[in-house]
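Remarks on the structure that follows.
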Amino acid sequence: MKYRIRHTTRYEYALPVSHCYNIAYVLPRFTERQKVEHIDIKLSPGASSQTQHQDYFGNRFLQFAIEKDHGELDVTIVSEIYIKEAGDNINLDFGTPCAYVKYLLQHNKDWETISAREFMLDSPMIQQHQDLADYAASSFSDDRPFLSAVMDLTQRIYKDFTYDPQFSDVATPLADVLKHKRGVCQDFAHLAIGCLRSLGYPARYVSGYLETLPPPGQEKLIGADATHAWFAVYSPGEGWYEFDPTNNTLTSAQHITTAWGRDYSDVTPLKGVIFGGGHAPQLSVSVDVQRVPEDIIQGL
């Protein structure tokens with residue numbers, strides 16, 4: 001499938017900004033199933049410097065500076081992406097049991113497993129806690145296939161928690177999300193990651209977009225035409241698998257990856273420093289995920 005994604009972030013300031021220096025994680029990532037065909041970057045006002053880099057996790061990010069007075073900032077990224085269709089459905093009821101996954105995580109010496117272990121550690125927005133372990137524990141019996149247990153946790157978060165964009169913001173503590181059982185996709189991804197790490201399993205945060213095609217007369221899945229977040233978990237010998245607790249599913253060809261890291265703080269869509277601007281700048285974000293006709297697909 002081919003998608004065209006338009007992601008616009010706009011700031012309006014109460015007072016002029018004389019300088020700003022920014023980092024933006026808005027460039028979709030190349031993955032085994034995702035090929036970025038074209039990216040168009042538009043900045044208004046124009047940047048005095050603009051470069052692309054790759055971070056520790058292999059994500060591409062945009063770094064730019066604007067060094068002239070401006071009252072508005074507009075960052076628009078238009079991406080064209082090919083997504084490889086998913087293969088046969090994965091049977092999660094077969095595979096490595098939970099107890100053996102823990103054994104392999106401690107004893108395997110292959111590079112992929114060693115690299116995955118860092119995602120067992122605390123990160124700026126996700127700290128291990130007994131309450132998180134207690135919430136998740138019923139899904140992870142020793143002899144249960146690990147990926148089946150992760151799917152069960154995903155389903156429980158979907159059923160137990162209410163999607164409420166008015167409840168949380170980027171600074172809402174994970175303890176509050178667990179207590180009130182409310183939040184948004186970012187919170188639910190953080191919650192699942194916190195549960196898994198608290199039980200001793202590696203999990204990472206994935207940011208991106210979700211395109212949905214609902215049946216006639218039904219509403220779209222939450223997350224359509226917006227930035228979205230989910231999580232990935234690692235099982236030695238089986239690899240990384242991605243789950244979306246907001247929509248109670250494994251990820252599919254309709255999930256488009258921008259970046260991944262330990263938590264949201266590693267892949268914030270736009271952050272930086274401004275000089276001036278006054279108080280409480282007005283932020284608006286617009287995302288359009290459009291499936292477009294495929295001509296000739298190469299490389300996938």
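The values are calculated or read from the model by the stated rules, or taken from the named source; none is laboratory data. The shown structure was predicted, so the numbers you read here are calculated from the model rather than taken from an experiment. Glycine also receives a Cβ, built like all others from the backbone with ideal geometry; neighbour counts cover every protein chain displayed. Note: accessible area is taken over every heavy atom of the protein model, side chains too, but ligands, DNA and RNA are not part of it. Shrake-Rupley method; radii C 1.70, N 1.55, O 1.52, S 1.80 Å.
Per-residue accessible area for Ile114 at 1.4 Å probe radius, Å² rounded to 10?
Near enough 70 Å² of accessible area.
For Lys159, give me every one of the lysines with a C-alpha distance below 22 angstrom, ignoring sequence neighbours fewer than eight places off in its own chain.
Within reach: Lys179, Lys181, Lys220.
Quick one: what are the phi-derived ³J(HN,Hα) couplings along the range 249-260, Karplus 6.51/-1.76/1.60 with θ = phi - 60°, whole Hz, x for glycine and proline?
7, 5, 6, 9, 5, 8, 9, 10, 8, 9, 6, 9
Over its Cα atoms, what ratio of radius of gyration to 2.2 N^0.38 Å does the chain give?
My calculation over the Cα atoms of the chain gives 1.04.
Roughly what would the spin-label model give for Lys179 and Asp131, points 7 Å off Cα along C-beta, in nm?
Distance between the two pseudo-spin positions: 0.6 nm.
Taking the Cα centre of the range 69-222 as origin, work out the dipole magnitude from +1 charges on Lys and Arg Cβ and -1 charges on Asp and Glu Cβ, in debye rounded to 20.
Computed about the Cα centre, the dipole is about 580 debye.
Using helices alone, I'd like the mean residue ellipticity at 222 nm for the chain: each DSSP H run of four-plus residues gives -39500 (n - 2.57), total over residue count, nearest 500.
For the chain, the value works out to -6000 deg cm²/dmol.
Choose one answer from Ala280, Ala65, Ala136: the residue with the largest mean-square fluctuation in a GNM of the chain with alpha-carbon springs under 10 Å.
Maximum fluctuation in the GNM of the chain, among the listed residues, is at Ala280.
Take Trp240, Trp260, Trp111 and sort them by solvent-accessible surface of the protein heavy atoms, 1.4 Å probe, largest at the top.
From most accessible down to least: Trp111, Trp240, Trp260.
Evaluate the relative contact order of the range 1-130 (contact order divided by residue number), counting alpha-carbon pairs under 8 angstrom at least 6 apart; express in whole percent.
33
By how many nm would the segment from Lys42 to Phe57 lengthen if fully extended, with 0.36 nm per residue of separation less the alpha-carbon distance?
Working it through step by step, the gained length comes to 2.9 nm.
Convert 25 °C to kelvin, take the viscosity as 0.890 mPa s, use the Kirkwood radius over C-alpha pairs of the range 31-172 as Rh, and evaluate the Stokes-Einstein diffusion coefficient in µm²/s, rounded to a whole number.
122
I'd like the accessible area for Lys159: 1.4 Å probe, protein heavy atoms, all chains in place, Å² to the nearest 10.
150
Once you've got the GNM for the chain with C-alpha springs shorter than 10 Å, pick whichever of Val36, Val26, Val170 has the biggest mean-square fluctuation.
Val170
Within the range 1-19, list the residues whose amide N lies under 15 Å from a label point set 7 Å along Cα→Cβ of Val78.
3-9
Roll a 1.4 Å probe over the protein heavy atoms and report the accessible area of Met120 in Å², nearest 10.
For Met120, solvent-accessible area is about 30 Å².
Would you count, across the range 1-121, every pair of lysines whose alpha carbons are under 30 angstrom apart, provided the pair is eight or more residues apart or spans two chains?
6
Name the most mobile residue of Tyr201, Tyr21, Tyr56, meaning the one with the largest mean-square fluctuation, in a Gaussian network model of the chain with Cα contacts below 10 Å.
Between Tyr201, Tyr21, Tyr56, it is Tyr56 that shows the largest mean-square fluctuation.
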